[in-house]
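Inspection log for the structure reproduced underneath, given as structure tokens.
The values are calculated or read from the model by the stated rules, or taken from the named source; none is laboratory data. Just so it is clear, the model here is predicted, and its values are computed rather than measured. Cβ placement follows ideal geometry from the backbone for every residue including glycine, while neighbour counts extend to all protein chains displayed. The accessibility values were calculated without ligands, DNA or RNA, using every heavy atom of the protein model including side chains. Shrake-Rupley method; radii C 1.70, N 1.55, O 1.52, S 1.80 Å.
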Amino acid sequence: SDANLNLTLSAIFLPITYFVADWFYLNIISSLAVSKTIERFLPLEKQVTVKWPNDIYIGNKKVSGILIENTLRGDKIQTVVMGIGLNVNQSQFDISHATSLLQEAGGEISLQEIFMQLCESLEYYYLKLEQGCKIELRELYLQKLFRLNQTHSFMDVEGPFLGIIRGISVDGELKIEKESGQLQNYAFKEVTFLNHPFT
């Protein structure tokens, strides 16, 4: 991240009622918050999606990444640290599939303004989770899911394959339908999206 051009921050939460089993909802609310913030600064025709589990894309290019770390006490989550990186005013990248709001919106954006919008969005979705709106949050996440119900190239321990993302499991695993018709659930780092077609 080039200096003074992007947002890199950590948001800290001290939940009271989050259980370890609910960990993926933290991915959901952070992804939705970043997506909602980005959409406010883009033309309507730009599509913002969440590449499972929590990378944010505009079209086929990554604009934001999120890393979440939790500390636990028994079966409850005691603290949550959401590390968020958002490309805002950077114009050049070392990788071809990266982008920024500057490139997508066509002009510079105030870092302070987008920071405040992001804080509001994080609070909004965090309170949704506190209120127990899990079904609504899952549905919103699914609506944003990158490549949902589309054929795409993937790689797992058995090698490259074509598959169709069918959703996420209760535990937050990615559900992919293989060419054989088998529905396979993948945990984080068990499957990779390939940027080139596999046939």
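Which of the three applies to the range 1-85, rounded, prolate or oblate, going by the alpha-carbon gyration tensor with a ≥ b ≥ c and a/c under 1.5 meaning rounded?
Prolate.
How much mean residue ellipticity at 222 nm does the chain get from its helices, if each DSSP H run of length 4 or more adds -39500 (n - 2.57) and you divide by all residues, to the nearest 500 deg cm²/dmol?
Numbers: 4 runs with 52 residues, N = 199.
Helices in the chain give a 222 nm mean residue ellipticity of -8500 deg cm²/dmol.
Label Ser180 and Leu111 with points 7 Å out from Cα along Cα→Cβ: what is the distance between them in nm?
For Ser180 paired with Leu111, the spin-label model returns 5.1 nm.
Using heavy-atom solvent-accessible surface (probe 1.4 Å) with all chains present, what is the largest-first order of Glu120, Glu108?
Glu108, Glu120
Using amide H atoms built in the peptide plane, which far-off residues or other-chain residues are under 5 Å from Gln47 H to H?
So Gln47 has HN proximity to Gly59.
What aspartates and glutamates sit close enough to Lys175 to cross-link, taking a C-alpha to C-alpha distance under 12 Å and skipping anything fewer than 8 places away on the same chain?
Within reach: Glu190.
Set the Förster radius R0 to 22 Å, insert the Cβ-Cβ distance between Ser153 and Cys133 as r into 1/(1 + (r/R0)^6), and round the FRET efficiency to 0.05. Before the final figure, lay out the partial values.
Details: r = 35 Å, r/R0 = 1.57.
For R0 = 22 Å, the calculated efficiency reads 0.05.
If you only keep lysine pairs separated by 8 or more in sequence, or across chains, how many in the range 1-93 come under 21 Å at the Cα atoms?
On the way: Lys36/Lys46; Lys36/Lys51; Lys36/Lys61; Lys36/Lys62; Lys46/Lys61; Lys46/Lys62; Lys51/Lys61; Lys51/Lys62.
So the count works out to 8.
Name the shape class, rounded, prolate or oblate, that the alpha-carbon gyration tensor gives for the range 113-199, where a ≥ b ≥ c are the square roots of its eigenvalues, rounded holds for a/c under 1.5, and otherwise prolate holds if a/b is larger than b/c and oblate otherwise.
Prolate.
Report for the range 1-109 the percent antiparallel among DSSP-assigned beta bridges with both residues inside it, nearest 5.
Roughly 95 percent of the beta bridges in the range 1-109 run antiparallel, per DSSP.
Helix by helix through the chain, keep the DSSP H runs that span 30 Å or more along the axis on Cα and average at least 0.5 on Kyte-Doolittle, and give those back in order.
None pass (Cα extent of 30 Å or more, hydropathy at least 0.5).
Quick check on the range 29-68: take the gyration tensor over C-alpha atoms, sort the square-rooted eigenvalues as a ≥ b ≥ c, and tell me if it's rounded (a/c under 1.5), prolate or oblate.
oblate
Considering only protein heavy atoms and a 1.4 Å probe, what is the carbon-and-sulfur percentage of the accessible area of the range 9-127?
Of the solvent-accessible surface of the range 9-127, carbon and sulfur hold 53 percent.
Per the Kirkwood definition applied to all pairs of different Cα atoms, how many angstroms is the hydrodynamic radius of the chain?
After inverting the mean inverse Cα-Cα distance, the result is 17.7 Å.
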